[in-house]
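Beneath this line is the structure, given in C-alpha cells, with notes to follow.
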Amino acid sequence: MNASLTSFLQVHRKNILIALAALFLGIGLARFAVGLSQEISSEIEAKESILFAQQKSSRQLAVLKKEVALLEQQKQKAETFLFHGPTADSVTSTMQIRLQALIAKAGLEPESLRPLGGKSQEGGISTINIKLRLNGTLDNFAKFLNTLYGDDNFFLIESCTIKPDNTKGLKVFMDIKTFYDTRQNPGQDKNSSQRRNP
C-alpha cells in the first residue's frame, strides 16, 4: 500500500506540485482581490464624504451670501440716516443748520445750541453731542419732537428736562446725539427732502 502510494506520488508529483502552486496562487490572488476591494471601498467612502461636505458647504455658502446681501442692504439703508460731509467741522455746521430749521419749524426759540464734539472713529461712524436750551409752549415742543423723529437724519435724545417758565411757557434742556460719516456716500441724495413717516 505504501509502495503504491509512493509510486503514485512519484508519477504524479509534477501534477501535484502544479496543483499546489495553483492553489497558493489562487489564495494569494483572492487575498489581493479582497484587499484591493476594501481599498477601493474605503476610497469611495472617503470621496463620498468629501463630496457630501462640499455639497453642505456650497449650501451654507448660498445661505451666507444671502445673509451678507441682506446685511449690506440694511447697512446702506442705515447710512441714509447719517449726516455726511468731507470733514467733522462741515458735518457739525450742517447738523446745526438742520437743527435750527427744525426748532424754527416747531415754533420754539433756541436759547442755546452747543455741539460738544464727540467720539470719532477712523473711517467709520462718529458721533456729535449737542446741548440744547429751548423756550416755547408744550405744543411747540411736541411739534419739535415730531419733526425731529420724522427727519431724514437720525437724532438720539439722551436726556431731556422740562421746566415751567412764567414768561415763555417752558424751558427745555436737551442732550442730543447725532451720527455722521465723513466717507462719501454715493447712494444718498444730499438734496432729498423726503421725510420718514412718524
*Label Glu158 and Gln38 with points 7 Å out from Cα along Cα→Cβ: what is the distance between them in nm?*
7.3 nm
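Ser41: net charge of surrounding residues, Cβ under 12 Å, Lys/Arg +1, Asp/Glu -1, itself excluded? If you can, show how the numbers build up before the last one.
Details: positive: Lys47; negative: Glu39, Glu43, Glu45, Glu48.
Neighbourhood net charge equals -3.
Given the pairs Lys105/Lys171; Lys66/Lys177; Lys143/Lys163; Lys131/Lys163, which are separated by over 25 angstrom at their Cα positions? Show your work: numbers first, answer last.
Numbers: Lys105/Lys171 17 Å; Lys66/Lys177 33 Å; Lys143/Lys163 17 Å; Lys131/Lys163 16 Å.
The pairs that break the limit, which is 25 Å between Cα atoms, are Lys66/Lys177.
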*Excluding Ile157 itself, what net charge comes from residues whose Cβ is under 10 Å from its Cβ, given Lys and Arg +1 and Asp and Glu -1?*
-1
*Relative contact order, percent, of segment 84-181 when contacts are C-alpha pairs under 8 Å separated by at least 6 residues?*
30 percent
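Readers should treat all values here as calculations from the given coordinates under stated rules, not as data from a laboratory. Remember, predicted model here, so these are calculated numbers, not experimental data. Note that we place each Cβ from the backbone using ideal geometry, even for glycine, and neighbour counts take in every protein chain shown.
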